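Written below as structure tokens is the structure these notes are about.
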Amino acid sequence: MKAEKTTGALFIAGAIGVLVPYIVLSITFEYPMVLRQETGEILTKFHAGGASLIWTWWAFAVLGLPLLVAYERIGQKLENAVPFVRWATTFGKIGLIAQMIGLLRWVFVVPVLAQMYVQAPDDATRAAAKVVFQAFHQFGGVLLGEHVGQLFTITWTVLLSLAFDRLRMFPKWVIWLGYGSSAIYLMAQAELFATVIPGFPVWELAGLIGSTLWLVWLVVVGIRVLRGN
């Protein structure tokens, strides 16, 4: 019982650890809409945010780490009864680590480029800063954090929901909240393809709604595990 309470608490702590800096960034940095703005505008806004913005990004990247332990603990509990949970745990960990690495570019790469852009002595330097930012943004953000990270996270969520359903651990609405949040979250992948395929159809709110519902699902799962289902 004590072990289950710890697992539940880790789910809740990880979800809140992600949600709080997410809200702060949405208020102070127009996140996530800022990600698709013009490069010079992004770099200028980032530089204006100063050290507090850098620390907020760092918190966004690392405060979700309790979920790594929660994934492992819930996986160990279920894998004997539902063997595919072993794969789910691996997918979940990869997803979290990929997203963390992608987010940390805002801590250790973007500040240098933002300073270079704002304080550039000439147009050539500003243009170089923009090109380097775009490359890191597309690789570390779009490819690694948003595509690989989110796809693996969605896969983990669907597989865990399926395991919960097979074992009748939670009410149906909890299971379908996992499936539903995953489906909406998956629609956000369209925005990533739109960065390289002009005119690709996009539902702009999919990322916000999907990720929010996913965090709600994590908290619900955490509460129910904490209470012993």
Problem set entry | Pairs, first without any contact (Cβ under 8 Å) to a residue 40 or more places away in the chain and under 8 Å from residue 61 (Cβ atoms) in the range 95-108, second part of a helix (DSSP H, G or I) and of a type in the set (D, E, K, R), C-beta under 9 Å, six or more apart | none
Exercise. Taking residue 193, is it more than 30 Å from residue 37 (Cβ to Cβ) and out of contact with any Leu (no Cβ under 6 Å at 6 or more places or on another chain)?
Worked result: no
Problem set entry | Count - residues of the range 50-95 that are in a helix (DSSP H, G or I), aliphatic (A, V, I, L, M) and over 16 Å from residue 18 (Cβ atoms) | 8
Exercise. Do we find that residue 189 is under 26 Å from residue 23 (Cβ atoms), touching a His at 6+ places or on another chain (Cβ under 9 Å) and polar (S, T, N, Q) in this structure?
Worked result: yes
Exercise. Within the group 58, 87, which residue is surrounded by fewer than 21 Cβ atoms within 10 Å (Cβ to Cβ), of a type outside the set (Ser, Thr, Tyr), in contact (Cβ under 8 Å) with a residue 40 or more places away in the chain and farther than 30 Å from residue 224 by Cβ?
Worked result: 58
Exercise. What helices (runs of 4 or more DSSP H) lie completely within the range 100-216 and have 3 or more residues being under 16 Å from the mean Cα position of the chain (by Cα)?
Worked result: 150-167, 172-187, 189-194
Exercise. Restricting the range 101-121 to residues that are of a type in the set (Gly, Ala, Ser) and out of contact with any Lys or Arg (no Cβ under 7 Å at 6 or more places or on another chain), which is farthest from residue 137 (Cα to Cα)?
Worked result: 114
Exercise. Given the structure, is residue 76 polar (S, T, N, Q), surrounded by fewer than 21 Cβ atoms within 10 Å (Cβ to Cβ) and either over 18 Å from residue 31 (Cβ atoms) or touching a residue at least 60 places away in the same chain (Cβ under 8 Å) (or both)?
Worked result: yes
Problem set entry | Filter result for the condition that a residue is closer than 19 Å to residue 19 by Cβ, polar (S, T, N, Q) and at pLDDT 95 or above, over 115, 99 | 99
Exercise. Hey, any hits in the range 42-49 for a residue that's of a type in the set (D, E, K, R), more than 21 Å from residue 210 (Cβ to Cβ) and in a helix (DSSP H, G or I)?
Worked result: yes
Exercise. When only residues in the range 100-142 that are among the β-branched types (Val, Ile, Thr) and in contact with a helix residue (DSSP H, G or I) (Cβ under 7 Å, 6 or more places away or on another chain) count, which is surrounded by the most Cβ atoms within 10 Å (Cβ to Cβ)?
Worked result: 110
For this session: Please go through the range 19-48 and pick out each residue that is farther than 15 Å from residue 105 by Cβ, surrounded by fewer than 19 Cβ atoms within 10 Å (Cβ to Cβ) and touching a Ser or Thr at 6+ places or on another chain (Cβ under 9 Å).
Result: 24, 28, 33, 36
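The values are calculated or read from the model by the stated rules, or taken from the named source; none is laboratory data. In this text the structure is predicted, and so the values were computed from the model without any measurement. Positions of Cβ are backbone-derived with ideal geometry, glycine not excepted, and every protein chain shown enters the neighbour counts.
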